[in-house]
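Undergrad: Have a look at the structure that comes next, please.
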Amino acid sequence: MINPMQQVVIAVRKRDSEAVITALQDAGVLHLKPIADGPLHTGNLAGQDAADRREDERLLARAESTIAELGAYRPAPAPLPAQGEWEAVVEGVAQPVAELARQRQELQSDLDVERTYGDAVRALARMVGTLDRSRRVALVPFLVGPTESLTELDAALRESLGERYTLASETVGQNQVGVVATLRGDRDAARAVLSKARLGELRLPGRYDTMPLTSVAAELEQVRQNGDARQRHINTERDRLAQEHGPALFAVRDALKDRVAVHDVRAVSARGKYSLAMQGYVPADRVAGLQSALSRFGDAVSYEVHPVDEHHDHGVPVELKNSSYVTPFQNTVMGLMSLPKYGSFDPTWVVAWFFPFFFGIIMADIGYGLLFLALGMWLLGKGKRGEGWNVPVLGAYLGPQTLKDLGFVTNVMAGWTILWGFLTGEFFGTLLEHMGVFYMNNDLLNRLWGWTGVHWGAHGAHGDAAHHGTGLIPIVFPRLDTENFGNIALVFALCFGILQVLWGWGIRVQQGLKHKDQVHVWEGLAMFGGVGALILLAFISRGAQDFGALTNLADPRVLLMILGFIVFVVGYLRVAKQFPMLPIELMSQGGAVVSYARIFAVGLVSAILAKLCTDLGWTLSQSIGFIGIIIGIIVGALLHFFVLALTLIGHVLQPIRLHMVEFLNPTGFNNETSPRYNPLRRLSPAPQAGQVK
């Protein structure tokens with residue numbers, strides 16, 4: 001649910017503004033909203049305020065860049081130095097860190113040059129001997145492919161330079177490195193010949209370009225031998241500085257952020273010569289915290305708190321407040337969506353219940369569910385131990401709280417996957433069916449699903465002998481039996497589309513009534529009636545196979561269908577000016593219902609692939625003997641891993657897409673959003689009584 005907000009307006013004397021803003025930081029409940037217009041001055045600070053802000057921002061940038069160069073993670077909290085010492089603390093570590101960063105950058109550049117050119121330079125140094133120090137001889141090094149001949153180059157050089165050159169080459173790795181030695185006056189002519197032969201001169205980067213080749217070779221040899229040790233030394237020194245100065249540096253950085261936040265609050269407030277006014281929002285359940293923070297200033301502060309007008313106020317922040325079961329989904333799955341508009345419908349609880357349920361229907365495999373459960377428990381364990389995780393594939397760091405939320409969500413998904421796996425009789429495909437644990441029972445299936453018109457064991461039914469087997473657990477949702485059960489499973493999936501699409505338009509009507517928006521009320525009624533009528537039309541005509549049934553007025557479904565179309569026509573006439581394309585949208589919403597067939601289709605594909613993997617492994621184990629069992633297990637496991645890796649992302653995204661598009665579009669969720677509730681908070685510890693600020 002969306003936490004109710006209260007709007008707040010605060011007026012304070014300018015000389016007390018810093019103390020009041022600091023008190024608001026301590027309270028941590030006020031979400032500020034800039035004052036954009038009015039008789040009081042707003043916008044950029046001026047005078048001494050602007051100078052103070054520039055200085056604090058400069059020092060903050062210096063502290064943050066130093067922390068970044070140190071590569072330090074936040075250490076344990078440390079006492080905050082006195083404000084007069086902040087610059088000395090920052091500069092005291094910034095200068096040696098900057099010098100280390102320079103050394104590290106130069107060393108890394110040298111290591112890159114050595115890895116790229118080291119072998120080539122050493123080969124060139126051997127070829128030229130002491131010629132690179134001659135005042136009369138010029139050297140033009142170059143690289144060629146391993147199969148390229150230098151005959152044409154030699155002929156071109158001879159034609160241009162006569163006998164005034166020497167050409168030498170040597171194979172280095174997969175290429176050849178060569179050098180042309182000629183008189184200094186003929187250097188440009190030699191370069192021109194290389195260019196015509198489509199060979200580029202080998203130019204070394206940076207300071208190495210002007211050095212003799214033998215000197216470069218000696219330098220790069222030193223880098224090769226000592227570079228890694230120097231790099232370890234630099235990293236060790238950086239770690240020492242981080243441990244020694246990190247706690248104080250982080251403390252000063254946080255305090256500077258708090259001071260810059262004070263300047264930011266002044267910038268978005270309305271300012272007069274002697275006063276300052278600010279406005280914002282506070283959750284209704286935290287108004288007492290705001291009042292407690294401001295009460296100690298007495299008459300120096302005047303403030304007013306009143307309810308938000310959710311129908312007309314813009315920019316009201318949103319804070320979602322849900323149960324302990326829903327909150328992990330709010331922090332993970334809903335993180336892929338925008339926040340709802342304040343005063344509208346919060347779909348988090350719907351996603352929390354239906355997303356893992358749909359995922360379970362799609363996967364529906366006990367073996368896969370156990371794998372997800374193991375992953376979820378691992379994530380949950382790391383989170384509860386306060387550990388983070390650097391995800392290698394994504395290159396992202398997940399904190400402990402995120403891991404706990406992900407672990408919880410994964411476990412819920414695993415639970416539904418295991419439950420549906422028992423219903424479908426799937427354990428890594430048909431493994432337990434091969435082993436006689438799960439089996440098909442015609443009599444039970446007929447009792448469960450015979451009312452749909454499908455009968456197992458009837459004449460000509462597919463797989464009759466296989467269905468009437470024996471085992472421990474009967475299969476009650478045989479989705480792999482596509483000939484008999486395919487249509488049932490498809491309609492089962494479409495029922496969720498009927499539920500969610502109609503539910504979405506019902507929410508549209510409810511929100512329109514709540515906000516007294518007649519346009520959205522009639523739009524929602526029209527689409528609810530129209531979509532409902534289309535669904536009834538499909539059922540009555542049995543998928544367009546019997547249109548004659550649509551004229552049977554004795555069938556109450558026909559009367560409901562007609563009523564639905566009437567509601568659509570009336571609603572459309574009321575909103576035709578605002579939504580002239582509503583009839584086309586009606587067809588689109590019919591397609592939205594059909595989109596839920598992907599729950600069946602994607603799940604069936606997953607089941608068929610898992611079945612093929614297991615059947616292949618089982619066949620190998622049955623046909624080759626003991627060795628075949630080992631080969632079958634290895635092949636089956638590898639294929640299952642490969643299939644799961646290829647399909648898992650799609651299985652997760654499909655249920656999310658159904659909620660984001662098919663369900664939430666009718667509600668209007670995707671049309672408008674609100675900013676996230678982000679209260680003014682203190683980062684640094686509050687000063688103790690008697691402590692100098």
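Undergrad: Based on Cβ point charges of +1 for Lys and Arg and -1 for Asp and Glu, what charge dipole magnitude is obtained for region 481-589 about its Cα centre, in debye rounded to the nearest 20?
TA: 540 debye
Undergrad: Take the Cα of Val652, step 7 Å along the line toward its Cβ, and report every residue of region 374-404 whose backbone nitrogen sits under 11 Å from that point.
TA: Counting only backbone N, you get 394.
Undergrad: Among the listed pairs Lys321/Lys611; Lys33/Lys382; Lys321/Lys514; Lys33/Lys384; Lys384/Lys611, which have their C-alpha atoms separated by more than 32 angstrom in this model? Don't jump to the answer; show the numbers that get you there.
TA: Working: Lys321/Lys611 43 Å; Lys33/Lys382 38 Å; Lys321/Lys514 20 Å; Lys33/Lys384 36 Å; Lys384/Lys611 37 Å.
Correct reply: Lys321/Lys611; Lys33/Lys382; Lys33/Lys384; Lys384/Lys611.
Undergrad: Taking Cα pairs under 8 Å and at least six residues apart, what relative contact order does the chain come out at, in percent?
TA: Relative CO of the chain lands at 19 percent.
Undergrad: Highest first, please rank the peptides 136-146, 291-301 by the mean number of other Cβ atoms sitting within 10 Å of their residues.
TA: In decreasing order of mean packing, 136-146, 291-301 become 136-146, 291-301.
Undergrad: Under the 0.36 nm per residue contour assumption, what length would be gained going from the current alpha-carbon distance of Leu375 and Arg184 to full extension?
TA: The Leu375-Arg184 span can extend by a further 61.9 nm.
Undergrad: Would you mind counting up the charge near Leu490? Only other residues with Cβ under 11 Å from its Cβ, with Lys and Arg at +1 and Asp and Glu at -1.
TA: That works out to +2.
Undergrad: So, one more: Rounded, prolate or oblate: which fits region 408-555, taking a ≥ b ≥ c as square roots of the Cα gyration tensor eigenvalues, rounded meaning a/c under 1.5, else prolate when a/b beats b/c? If you can, show how the numbers build up before the last one.
TA: Numbers: a/c = 4.30, a/b = 1.62, b/c = 2.66.
Oblate, because a/c is 1.5 or more while a/b does not exceed b/c.
Undergrad: Please give the Cα centre distance for region 496-532 versus region 180-236, rounded to the nearest Å.
TA: Computed from Cα coordinates, the inter-centre distance equals 73 Å.
Undergrad: Between region 423-442 and region 1-66, how many Å separate their Cα centres?
TA: Result: 65 Å between the Cα centres.
Undergrad: Going 7 Å from the Cα of Val391 in the Cα-to-Cβ direction, what parts of region 305-333 have a backbone nitrogen less than 18 Å from that spot?
TA: 328-333
Undergrad: In region 297-339, which residues have a backbone nitrogen under 14 Å from the label point lying 7 Å from Arg13's Cα in the Cα-to-Cβ direction?
TA: Output list for this probe position: 297-302.
Undergrad: Would you list the membrane-span-like helices of the chain, meaning whole DSSP H runs whose alpha-carbon atoms span at least 30 Å along their axis and whose mean Kyte-Doolittle value is at least 0.5? Walk me through the numbers on the way to the answer.
TA: Working: long enough: 47-70 (35 Å, -0.96); 86-128 (58 Å, -0.27); 213-268 (63 Å, -0.62); 400-424 (35 Å, 0.62); 482-514 (48 Å, 0.78); 518-540 (32 Å, 1.61); 597-624 (41 Å, 1.16); 626-657 (46 Å, 2.03).
Qualifying helices, which must be both long enough and hydrophobic enough, are 400-424, 482-514, 518-540, 597-624, 626-657.
Undergrad: Does region 225-376 come out rounded, prolate or oblate by the C-alpha gyration tensor, with a ≥ b ≥ c the root eigenvalues, rounded set by a/c under 1.5 and, if not, prolate when a/b is larger than b/c and oblate if not?
TA: oblate
Undergrad: Another question, if that's okay. How much length is gained if the chain between Trp353 and Glu148 is pulled fully straight, taking 0.36 nm per residue apart and subtracting their Cα-Cα distance, in nm to one decimal? Show your work: numbers first, answer last.
TA: On the way: separation 205, 0.36 × 205 = 73.80 nm, distance 6.65 nm.
Contour length minus the Cα-Cα distance gives 67.2 nm.
Undergrad: With n ≥ 4 as the cut-off for DSSP H runs, can you work out [θ] at 222 nm for the chain, using -39500 (n - 2.57) per run divided by the number of residues, rounded to the nearest 500? Before the final figure, lay out the partial values.
TA: Numbers: 21 runs with 399 residues, N = 693.
It comes out at -19500 deg cm²/dmol, rounded to the nearest 500.
Undergrad: Follow-up question, since we're still on this one. Among 235-242, 123-130, how do they line up by average Cβ neighbours within 10 Å per residue, starting with the highest?
TA: 123-130, 235-242
Undergrad: In nanometres, what is the gap between the two model label sites at Trp451 and Asn226, each 7 Å from Cα along Cα-to-Cβ?
TA: If labels sit at Trp451 and Asn226, their model points lie 8.7 nm apart.
Undergrad: In whole Å, how far is the Cα centre of region 657-675 from that of region 345-366?
TA: Distance between centres, Cα-based: 17 Å.
Undergrad: Calculate, for the chain, the solvent-accessible area per residue in square angstrom, rolling a 1.4 angstrom probe over the heavy atoms of the protein chains.
TA: It amounts to 51 Å² per residue over the chain.
Undergrad: Once you have the Cα-Cα distance between Asp309 and Thr619, take 0.36 nm times their residue separation minus that, and quote the gain in nm to one decimal.
TA: That pair, Asp309 and Thr619, stretches by 104.7 nm at full extension.
Undergrad: Same structure, new question: Using the Cα gyration tensor of the chain, with a ≥ b ≥ c the square roots of its eigenvalues, what is the shape: rounded (a/c below 1.5), prolate (a/b larger than b/c) or oblate (neither)? Kindly include the intermediate steps, with their values, before the conclusion.
TA: Details: a/c = 2.21, a/b = 1.24, b/c = 1.79.
Note, shape of the chain comes out oblate.
Undergrad: Tell me, what is the FRET efficiency for Asp555 and Val476 to the nearest 0.05, using R0 = 25 angstrom and their Cβ-Cβ distance as r?
TA: Working: r = 31 Å, r/R0 = 1.24.
Working from the Cβ atoms, E equals 0.20.
Undergrad: I've got another one for you. For region 184-269, what is the charge dipole size about the Cα centre, in debye to the nearest 20, if Lys and Arg each add +1 at the Cβ and Asp and Glu each add -1 at the Cβ?
TA: So the dipole magnitude of region 184-269 works out to roughly 300 debye.
Undergrad: For Val326, tell me the accessible area in Å² from a 1.4 Å probe, rounded to the nearest 10.
TA: Here the accessible area works out near 10 Å².
Undergrad: Would you work out what percent of the accessible area of region 13-155, with all protein chains in place, is carbon or sulfur (probe 1.4 Å)? Each step should come with its number before you reach the end.
TA: On the way: 4040 of 8010 Å².
Exposed carbon and sulfur together represent 50 percent of the surface.
The values are calculated or read from the model by the stated rules, or taken from the named source; none is laboratory data. Computed from a predicted structure; not experimentally measured. Cβ atoms come from the backbone with ideal geometry, glycine included; neighbour counts cover every protein chain shown. The protein model used for the area step is the full one, side chains on, heavy atoms only, and it has no ligands, DNA or RNA in it. Shrake-Rupley method; radii C 1.70, N 1.55, O 1.52, S 1.80 Å.
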